[in-house]
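Asker: Encoded as structure tokens, here's the structure I'll be asking about.
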Amino acid sequence: MCNGGRVPSGVALLTGGAGYIGSHTAVELLCAGWDVVVVDDFSNASPVALERVARIAADHPGAGRLRHHRLDVTDTPALTRVLAEERVDAVVHFAGLKAVGESVEQPLRYYRVNVGGATSLLEAMAATGVRRLVFSSSATVYGEPATVPVDERAPLGPTNPYGRTKLIVEQVMRDVAAADERSRFVALRYFNPVGAHPSGLIGEDPEGVPNNLMPYIMQVAVGRRPRIRVFGDDYPTPDGTGIRDYIHVVDLALGHLAALEALDRLDPFTAVNLGTGQGSSVLEVIDAASRAVGRQLPYEVVGRRPGDVAAIWADPSLAHELLGWKATRTLDEMAADHWRWQSRNPQGYRGAPAG
Ligand code: WQD
């Protein structure tokens, strides 16, 4: 079940391609005719995800080939070998750590993996003449926005080590692109990815207690947790709870496909928001999930989470202008697709039958 259907476009290497966004992007690239090579150390992802990706793409005539290599992106010699042997045309860089709270407790680990991994990749690309790169950046580079919606000209002010690693990698990309104007780099600033592929075969499978709202809600829905904790209802928003721009992970994946196909007509470095342009509150997300699950999900209001901003959502017009991309899926579709994945895979990929 694919959304794509374009002309074959070459070999794309996806670092961290067995992860949540990576696996969904692999499906859309394969369906669009790209050959996909995944490199992943599987420290925070399951090989089962790739078997499921292959299953989805197998239904699509004309889908590209999927291969994978187990490796750590900070291993520059190994990465260089794979880029050369697989005759890679473009890279999508997902591999990295992404928990804001954890980054505050373990900053050095975040700088080593997120910044060290990106510089290792850029060195391997330079050594093999691969000059096309799409980078998984984040709206956290904006920090607390002065105004919403946020466009790409907004001040950049990350407020945690995770967001700072994303901004540093963007700066490294800008400098490398300035040194070699044949570079074609795009940083995609994600807002809040949620949902799952409509097949229910792949989805978000966080380790331990989910940091993010939707996976936590769905673990409550499937009985793994007693109730949802709403982190504060005293924000200056209509219902007092935090507002975010939730984007369906399939829309996000299609944004990566659009970026890859637009690269050659862009500047050496471009940063683009990937969001819907709509904000939803915590209570609105709980309501959408309750509709998807078919019952009111239990929640309690607790104290604010340190570091949270009250409200942020995207102005996604540059993505439409430069990439010809727009998100189309609604919050209810996000909740319904997330629930289909979670209800069919109550423990995620752990203990799931292979394939
Ligand atoms: C959303 C809203 C919380 C959990 C983070 C990263 C960002 C990206 C997405 C990687 C907020 C509230 C949450 C819960 C709650 N990750 N909430 N109860 O913090 O906007 O963004 O994840 O790229 O970079 O910063 O997402 O889902 O954690 O929170 O009330 O159990 O839900 O306060 O208002 P966030 P989130």
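Asker: If you go through the stretch 243-254 one residue at a time, do you hit one that is free of Cβ contacts under 8 Å to residues at least 40 places away in the same chain and open to solvent by 10 Å² or more (accessible area, probe 1.4 Å)?
Answerer: No: the stretch 243-254 contains no residue that is free of Cβ contacts under 8 Å to residues at least 40 places away in the same chain and open to solvent by 10 Å² or more (accessible area, probe 1.4 Å).
Asker: Looking at (1) under 30 Å from ASN345 (Cβ atoms); (2) assigned to a loop (DSSP other than H, G, I, E, B); (3) at pLDDT 95 or above, which is the only condition ARG189 fails?
Answerer: Only one criterion is unmet by ARG189, namely (2).
Asker: Taking the conditions exactly as written (without any contact (Cβ under 8 Å) to a residue 24 or more places away in the chain and among the hydrophobic types (A, V, I, L, M, F, W, C)), does ALA179 satisfy them or not?
Answerer: yes
Asker: Among the numbered criteria (1) over 29 Å from GLN347 (Cα atoms); (2) open to solvent by less than 10 Å² (accessible area, probe 1.4 Å); (3) not acidic (Asp, Glu), which single criterion is violated by ALA26?
Answerer: (1)
Asker: Suppose we filter the stretch 230-252 for residues that are within 12 Å of the ligand (Cβ to nearest atom) and either in a strand (DSSP E or B) or among the hydroxyl-bearing types (Ser, Thr, Tyr) (or both); how many remain?
Answerer: Within the stretch 230-252, residues that are within 12 Å of the ligand (Cβ to nearest atom) and either in a strand (DSSP E or B) or among the hydroxyl-bearing types (Ser, Thr, Tyr) (or both) number 9.
Asker: Of (1) within 14 Å of the ligand (Cβ to nearest atom); (2) more than 16 Å from HIS68 (Cα to Cα), GLY117 satisfies all except one. Which?
Answerer: Result: GLY117 fails condition (1) only.
Asker: Go through (1) surrounded by fewer than 16 Cβ atoms within 10 Å (Cβ to Cβ); (2) at pLDDT below 95; (3) in a helix (DSSP H, G or I) and name the single condition ALA126 misses.
Answerer: Tallying (1) surrounded by fewer than 16 Cβ atoms within 10 Å (Cβ to Cβ); (2) at pLDDT below 95; (3) in a helix (DSSP H, G or I), ALA126 fails exactly one: (2).
Asker: On to the next question. State the number of residues belonging to the stretch 294-329 that are touching a residue at least 12 places away in the same chain (Cβ under 8 Å) and either touching a Cys at 6+ places or on another chain (Cβ under 8 Å) or over 21 Å from THR140 (Cα atoms) (or both).
Answerer: 13
Asker: Of all residues in the stretch 204-229, how many are closer than 19 Å to ALA99 by Cβ and assigned to a helix (DSSP H, G or I)?
Answerer: 7
The values are calculated or read from the model by the stated rules, or taken from the named source; none is laboratory data. Values in this document were obtained by computation on a predicted structure and should not be read as measured data. Heads up, the Cβs are rebuilt from the backbone with ideal geometry, glycines too, and the neighbour counts pull from every protein chain shown. The accessibility values were calculated without ligands, DNA or RNA, using every heavy atom of the protein model including side chains. Shrake-Rupley method; radii C 1.70, N 1.55, O 1.52, S 1.80 Å.
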